[in-house]
1. May I ask for the distance between the Cα centers of the range 186-209 and the range 108-127, given as a whole number of Å?
2. Return the long-range amide H neighbours of Thr41 (sequence gap of 5 or more, or a different chain), with a cut-off of under 5 Å between placed amide H atoms.
3. Which whole-number percent gives the relative contact order of the range 102-165, counting Cα pairs below 8 Å spaced six or more residues apart?
4. Net charge around Gly207, counting only other residues with Cβ within less than 15 Å of its Cβ (Lys, Arg = +1; Asp, Glu = -1)?
5. Over the chain, with a Gaussian network built from C-alpha contacts below 10 Å, which listed residue (Leu106, Leu159, Leu142) shows the highest mean-square fluctuation?
6. Taking the simple approach of a point 7 Å from Cα along Cα-to-Cβ for both Glu47 and Lys28, what is their distance in nm?
7. Put a dot 7 Å past each Cα toward the Cβ at Asp77 and Arg132; how far apart are the dots in nm?
8. Count the net charge of all other residues whose Cβ sits under 13 Å from the Cβ of Val98, scoring Lys and Arg as +1 and Asp and Glu as -1.
Amino acid sequence: MNQQRLGTWMAAGLILLAAGCASTGGAKIPVDRSSSLPGTTVALKGETHRLTGSPLQVARPLPATDLVDAFSMETVDLSQRKGKVLFLSIVPSIDTKVCEAQTHSLGEQGAGLPPDVERITISRDTPFAQKRFAEEAKLTALTYLSDYKEGAFGRATGLLVEDSRLLARAVVLVDRAGIVRYVQVVPELTHLPDMEAAFARAAALAGEK
């Protein structure tokens, strides 16, 4: 990768972090109830950003990719994690306000989900940053997986923001057989996903035999 291109990606990433997940000044964070499609576009305060990679599809298997567990540092392929409903909460960066709110919702409101729903946060933060956040926020009941190496998960799902190389904000639910059953890609990166709708859908999936 040449230095000019790397510099462009890093600058775009910093802009996205500053605007897309920045402090809301005490204002309530808006919730989006609509969804963009993986592999299309999202917005950052009205400015369009393209999503790159192979678009994730409902009713298709979750693609095989390597992620890193923040606590064990082991490689994890979620496509092989069968037998539980997977609630994937995908954020651009764990250390920013909107992403923090999304993760607190997963950890706190999501605690009422059936025990066979595994709650997972995925971002391109390093595993060390994810682990520190989990411990400081007292949200260690969640699984934290990092896509920091090559953005393989983002590429495999069409959720990698092309210019910043961060992940789009999204929720993905995967059933016990490894089939994607629900996807919401938040159209505006400064907004939250509809976590209540996702919780209800996850509970329904857990009740299916």
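FYI, it's all coordinate maths here, none of it is from the lab. Being a predicted model, the structure only gives us computed values, none of them experimental. All Cβ positions, glycine included, derive from the backbone under ideal geometry; neighbour counts span all protein chains shown.
1. Their Cα centres are 12 Å away from one another.
2. It is Leu51, by chain and number.
3. For the range 102-165, the relative contact order is 32 percent.
4. +2
5. Comparing Leu106, Leu159, Leu142 in a Gaussian network model of the chain, the most mobile one is Leu142.
6. About 2.9 nm, to one decimal.
7. Placing both labels 7 Å beyond Cα along the Cβ direction yields 3.2 nm.
8. 0
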